[in-house]
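The values are calculated or read from the model by the stated rules, or taken from the named source; none is laboratory data. All figures in this text were calculated on a predicted structure; none of them were measured in a lab. Counting neighbours? That spans all protein chains shown, and the Cβs are built from the backbone with ideal geometry, glycine included. Heavy atoms of the whole protein, side chains included, go into the accessibility calculation; ligands, DNA and RNA do not. Shrake-Rupley method; radii C 1.70, N 1.55, O 1.52, S 1.80 Å.
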Amino acid sequence: MIRVAKPAAASIETWFGVGGGADALVTPRSVEDLCAAIREHDPALGPVRVLGDGANLLVSDDGVDGLVIDTKELNSVEWIDTGVRAGAGAGLPKLVTEACRRGLGGLEGLGGVPASLGGAVRMNAGGAFGEIADSVRTVRVVNSLGDEHTLKPSELEFGYRRSNLSGLIVVEAELALPGADPQALRARLKEVMAHKKDAQPLAANSAGCVFKNPDVDGERVSAGRLIDKAGLKGERIGGASVSERHGNFVVVEDGATASHVLALIDRVRERVLAECGVGLEQELVVWKRGVPDE
Ligand code: EPU
């Protein structure tokens, strides 16, 4: 296990590439190591936070207290006839392409979603073409006492970009993937990726959608479309701006800080409320010193 423990010394890698570091960070190589790290952690120093791929995460400029657990080394992948069993740190994009190659269906709609498997399960990653909840069979988790157990399908609850796994650390998941024609799966994956390429900015220096698509009169509407309608594309604070391509993406350039991104998000929320009368809820996870993760 790699340990770092100096005030805000350990850098936290996120897709945004801005923000501070962690006072303490561990990268466990096994679930046992992870459990031990939790048991040894003194809660008086701050909460435990879990780092996946950093694809949907913004860390504030002064970093975070407590303990950050990086799951990247928990990346075992075991293909089985009926699907795959993989560690939380396994990369979702690789699982998606490999499942299609092997003729295992269900993940092709998740093409182009940057995430670790653990992060994807925790927040039920997905979009218009599918969500991971449809494939999840069991989830192995560790609780705040450092004890692990496996949740059966009947114990799992998923909703739109949410699960009942908050407060738990996902360490492994088994996905049920029915057999399908690999060529058809690859063709579908290509279509999904083409839509993303067309509609969204490159994932680099962005963190996917900032807001959840709100429910307006019982119907989910695109937050990106509302932001666009409010005339906010290209809106900028410091090095952070609203993508010209898709309104729900904030892109950053050299010199950007987490504070620029946060201020821009606030401005977008206020303006969409004023112009469209809709309150937007954040999908992006923000880590702040002294504020526990949800
Ligand atoms: N639209 C605009 N202007 C914009 C953005 C979108 O007019 O700036 C319009 C589009 O033309 C389209 C409609 O709004 O008619 C929907 O757009 P899109 O297909 O891009 O889907 P979305 O609802 O905005 C959702 C997910 C994305 C996912 C896409 C495609 C959420 C919050 N967003 O976006 O997920 O990639 O569907 O599956 O659920 C993410 O979760 O990080 C994310 C980016």
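Some notes on this structure:
- At a probe radius of 1.4 angstrom, the accessible area of the chain per residue rounds to 47 square angstrom.
- The calculated FRET efficiency for SER11 paired with GLU244, based on their beta-carbon distance and R0 = 30 Å, is about 0.50.
- Note on the range 142-294: Lys pairs 8 or more places apart or on different chains, Cα atoms under 27 Å apart, count 11.
- Placing a label point 7 Å from the Cα of ASP181 along the Cα-to-Cβ direction, the residues of the range 92-113 whose backbone N falls under 18 Å of that point are 100-109.
- For the range 147-161, 3J(HN,Hα) computed residue by residue from phi via the Karplus equation (6.51, -1.76, 1.60; θ = phi - 60°) reads 9, 10, 7, 10, 8, 7, x, 5, 9, 9, 10, 10, x, 5, 6 Hz, glycine and proline entered as x.
- Longest to shortest principal axis, alpha-carbon extents of the range 206-287, angstrom: 40, 26, 20
- Summary value for the range 206-287: 35 percent relative contact order, contacts being C-alpha pairs under 8 angstrom separated by 6+ residues.
- Apolar share of the accessible surface for the range 42-139: 50 percent from carbon plus sulfur atoms, 1.4 Å probe.
- Each Cα pair under 8 Å and six or more residues apart adds its sequence gap; the mean of these over the residue count of the chain is a relative contact order of 19 percent.
- For the range 63-73, 3J(HN,Hα) computed residue by residue from phi via the Karplus equation (6.51, -1.76, 1.60; θ = phi - 60°) reads x, 10, 8, x, 10, 9, 9, 8, 8, 4, 7 Hz, glycine and proline entered as x.
- Taking the 1.4 Å solvent-accessible surface of the range 154-220 as the whole, the part contributed by carbon and sulfur is 49%.
- Whole-angstrom gap from the range 133-160 to the range 64-111, using each part's C-alpha centre: 15
- Largest to smallest principal axis extent of the C-alpha atoms in the chain, angstrom: 51, 49, 35
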